[in-house]
Amino acid sequence: MMRAHRRLLLASPILLLAALGPAAGVRAEALDLARASCADFTAMSEADRSQFSLWLAGYFAGSAMRPLLDLEKITAAPAALAELCAKSPQVALVGAETRAVFIPAPAP
């Protein structure tokens with residue numbers, strides 16, 4: 001039973017990608033997150049901004065070891081990031097400024 005469960009866990013992401021691939025209009029574009037800036041975010045489509053915002057929420061929650069995601073912040077994130085990026089296109093997408101959109105800075 002444990003083996004079957006493990007196989008299902010390993011196969012699930014592959015099946016999901018296979019099912020979504022053609023429907024999602026997969027593009028072969030790569031984004032180097034170590035160098036990505038707000039200018040890259042601004043150039044994204046609205047759908048890509050929403051998906052990337054969800055990814056950022058998970059990334060920052062994971063790096064902060066927080067098991068909860070704030071759905072209201074995630075929903076508001078594309079607009080908040082667009083506002084930040086309009087003011088500062090050079091800001092890194094994976095950095096303190098964008099992290100603050102999802103997780104407030106710790107109190108001093």
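The values are calculated or read from the model by the stated rules, or taken from the named source; none is laboratory data. Keep in mind it's a predicted model, so treat the numbers as computed, not measured. In this analysis, Cβ positions are derived from the backbone assuming ideal geometry, glycine residues included, and neighbour counts consider all displayed protein chains.
Inside the range 70-107, can you point out the residues that are in contact with a helix residue (DSSP H, G or I) (Cβ under 8 Å, 6 or more places away or on another chain) and among the β-branched types (Val, Ile, Thr)?
Correct list: ILE74, VAL91, VAL94, THR98, VAL101, ILE103.
Yes/no matrix, rows are residues, columns are (1) at pLDDT below 90; (2) at positive phi; (3) assigned to a loop (DSSP other than H, G, I, E, B); (4) of a type in the set (Phe, Trp, Tyr):
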| position | (1), (2), (3), (4) |
| --- | --- |
| LEU8 | yes, no, no, no |
| LEU16 | yes, no, no, no |
| GLY21 | yes, no, no, no |
| GLU29 | yes, no, yes, no |
| ARG35 | no, no, yes, no |
| TRP55 | no, no, no, yes |
| ALA61 | no, no, no, no |
| ALA77 | no, no, no, no |
| GLU83 | no, no, no, no |
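Does ARG49 qualify as being modelled with pLDDT of 55 or more and part of a loop (DSSP other than H, G, I, E, B)?
no
Can you run down the residue pairs with Cβ atoms below 8 Å, 6 or more apart or on separate chains, where the first is in the range 56-71 and more than 18 Å from LEU93 (Cα to Cα) and the partner is part of a helix (DSSP H, G or I) and modelled with pLDDT of 90 or more?
Pairs that qualify, where the first residue is more than 18 Å from LEU93 (Cα to Cα) and the partner is part of a helix (DSSP H, G or I) and modelled with pLDDT of 90 or more, are PRO67/ALA61; LEU68/ALA61; LEU69/ALA57; LEU69/GLY58; LEU69/ALA61; ASP70/ALA57; ASP70/PHE102.
Tell me, please, whether a residue that is surrounded by fewer than 13 Cβ atoms within 10 Å (Cβ to Cβ) and among the acidic types (Asp, Glu) can be found in the range 48-62.
no
With the structure loaded, tell me whether SER88 is within 20 Å of LEU31 (Cβ to Cβ), over 14 Å from the mean Cα position of the chain (by Cα) and of a type in the set (Ser, Thr, Tyr) or whether it fails that test.
When the stated conditions are applied, SER88 passes them.
Where the second residue is assigned to a helix (DSSP H, G or I) and aliphatic (A, V, I, L, M) and the first is more than 14 Å from ALA64 (Cβ to Cβ) and lies in the range 93-108, which pairs have Cβ atoms under 9 Å and are six or more apart or on separate chains?
LEU93/LEU56; LEU93/LEU81; GLU97/LEU84
Is it the case that the range 77-94 has a residue that's exposed (fewer than 11 other Cβ atoms within 10 Å of the Cβ) and under 12 Å from SER37 (Cβ atoms)?
Within the range 77-94, one or more residues are exposed (fewer than 11 other Cβ atoms within 10 Å of the Cβ) and under 12 Å from SER37 (Cβ atoms).
Inside the range 65-74, can you point out the residues that are aliphatic (A, V, I, L, M), surrounded by 12 or more Cβ atoms within 10 Å (Cβ to Cβ) and not in a helix (DSSP H, G or I)? Lay out the reasoning, then the answer.
Filtering the range 65-74 down to residues aliphatic (A, V, I, L, M) leaves 65, 68-69, 71, 74.
Now restrict to residues that are surrounded by 12 or more Cβ atoms within 10 Å (Cβ to Cβ): 69, 74.
Within the range 65-74, LEU69 is the sole residue that qualifies.
Does ALA80 count as hydrophobic (A, V, I, L, M, F, W, C) and farther than 20 Å from GLU46 by Cβ?
The answer is no for ALA80.
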